[in-house]
1. Filter region 163-172 for residues that are part of a helix (DSSP H, G or I) and free of Cβ contacts under 8 Å to residues at least 24 places away in the same chain; which is farthest from Lys137 (Cα to Cα)?
2. For the structure I just gave you, tell me whether Ile48 is surrounded by fewer than 16 Cβ atoms within 10 Å (Cβ to Cβ), β-branched (Val, Ile, Thr) and in a helix (DSSP H, G or I).
3. I want to confirm something. Restricting to region 1-39 and keeping residues that are charged (D, E, K, R) and surrounded by fewer than 16 Cβ atoms within 10 Å (Cβ to Cβ), which single residue is farthest from Leu76 (Cα to Cα)?
4. Considering only residues that are outside any strand (DSSP E or B) and of a type in the set (S, T, N, Q), look in region 32-45 and name the one that is modelled with the lowest pLDDT.
5. Take the residues in region 102-133 that are part of a helix (DSSP H, G or I) and modelled with pLDDT under 80; name whichever of them is surrounded by the most Cβ atoms within 10 Å (Cβ to Cβ).
6. Looking at Leu14, Leu8, which is the one that is in a helix (DSSP H, G or I) and either farther than 17 Å from Glu103 by Cβ or in contact with a Pro (Cβ under 7 Å, 6 or more places away or on another chain) (or both)?
7. Give me the residue from region 72-95 that is modelled with pLDDT under 95 and in a helix (DSSP H, G or I) and, out of that set, nearest to Tyr114 (Cα to Cα).
8. List the number of the failed condition for Ala140; all other conditions in (1) crowded, with 16+ Cβ neighbours inside 10 Å; (2) among the small types (Gly, Ala, Ser); (3) modelled with pLDDT of 75 or more hold.
Amino acid sequence: MSYESAGLQKNQILKECSGLRGIYRFTNKTNNKTYVGSGENLAKRFAIYFRKSELVKSKRPIHSAFLYYGYDNFRLDILATIPNNPASGVVSIESKGELVKLEQYYLDLLDPDYNILKVAYSLKGYVHTEETKVKLKASAAKRGRAVWVLNKLTDERFHFLTTREASEFLDTS
């Protein structure tokens, strides 16, 4: 599925993508820069993009681009979909793995400009600013759930808000 104008076709996108799991690509029609992403429910994922209040909170390049260029200057392509388990409506572990593999395939193939992270579902390679590290540490300490990982070989320290983020970073369960 392709939508030539994400802004003008917003309602159609949300309707047709409801309940779909898959991989998508936004293409800026002004400069041809792209973003590749995935979602367990594409309509819910896209609804976040269409909320300007969410975009303003983030400093992600794709969010800034939506705010600067406007949704009408973006084409949306659904690159692949994975069906949910029709009997239960629950996503199987295998299909979650498929989603990650498919997203990584498209990240490698398309080398999207707006993606900060180049590994699907992982924070590997991402470095927070010192200001962000201070804010994250304070926020996590407030909640009492901060997770730190220490690489004993390099003495590098990594901060995560949850154990899940830490385990994804370490590529382990």
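1. Going residue by residue through region 163-172, those that are part of a helix (DSSP H, G or I) are 163-169.
Then drop every residue that is not free of Cβ contacts under 8 Å to residues at least 24 places away in the same chain, which leaves 163-164, 166-167.
Numbers: Thr163: 14, Arg164: 16, Ala166: 14, Ser167: 18 Å.
This residue is Ser167.
2. Values: surrounded by fewer than 16 Cβ atoms within 10 Å (Cβ to Cβ): yes; β-branched (Val, Ile, Thr): yes; in a helix (DSSP H, G or I): yes.
So Ile48 passes the test.
3. Step one: of region 1-39, the residues charged (D, E, K, R) are 4, 10, 15-16, 21, 25, 29, 33.
Going one step further and asking which of them are surrounded by fewer than 16 Cβ atoms within 10 Å (Cβ to Cβ), we end up with 4, 15-16, 29.
On the way: Glu4: 7, Lys15: 14, Glu16: 13, Lys29: 10 Å.
Here the answer is Lys15.
4. From region 32-45, those outside any strand (DSSP E or B) are 32-33, 40-45; that's our starting set.
This time we only want the ones that are of a type in the set (S, T, N, Q), so: 32, 41.
Values: Asn32: 97, Asn41: 89.
Restricting to residues being outside any strand (DSSP E or B) and of a type in the set (S, T, N, Q), the top hit is Asn41.
5. Taking region 102-133 and keeping what is part of a helix (DSSP H, G or I), we get 102-110, 130-133.
Filter once more, so that each one left must be modelled with pLDDT under 80: 132-133.
Values: Thr132: 12, Lys133: 14.
Among residues in region 102-133 that are part of a helix (DSSP H, G or I) and modelled with pLDDT under 80, the one surrounded by the most Cβ atoms within 10 Å (Cβ to Cβ) is Lys133.
6. Working: Leu8 fails: in a helix (DSSP H, G or I).
After ruling out the rest, the residue left standing is Leu14.
7. Ser95
8. For Ala140, the failing item is (3).
The values are calculated or read from the model by the stated rules, or taken from the named source; none is laboratory data. What you see is a predicted model, and the numbers here were worked out from it, not measured in a lab. Reconstructed Cβ throughout: ideal geometry from the backbone, glycine too, with neighbour counts over all protein chains shown.
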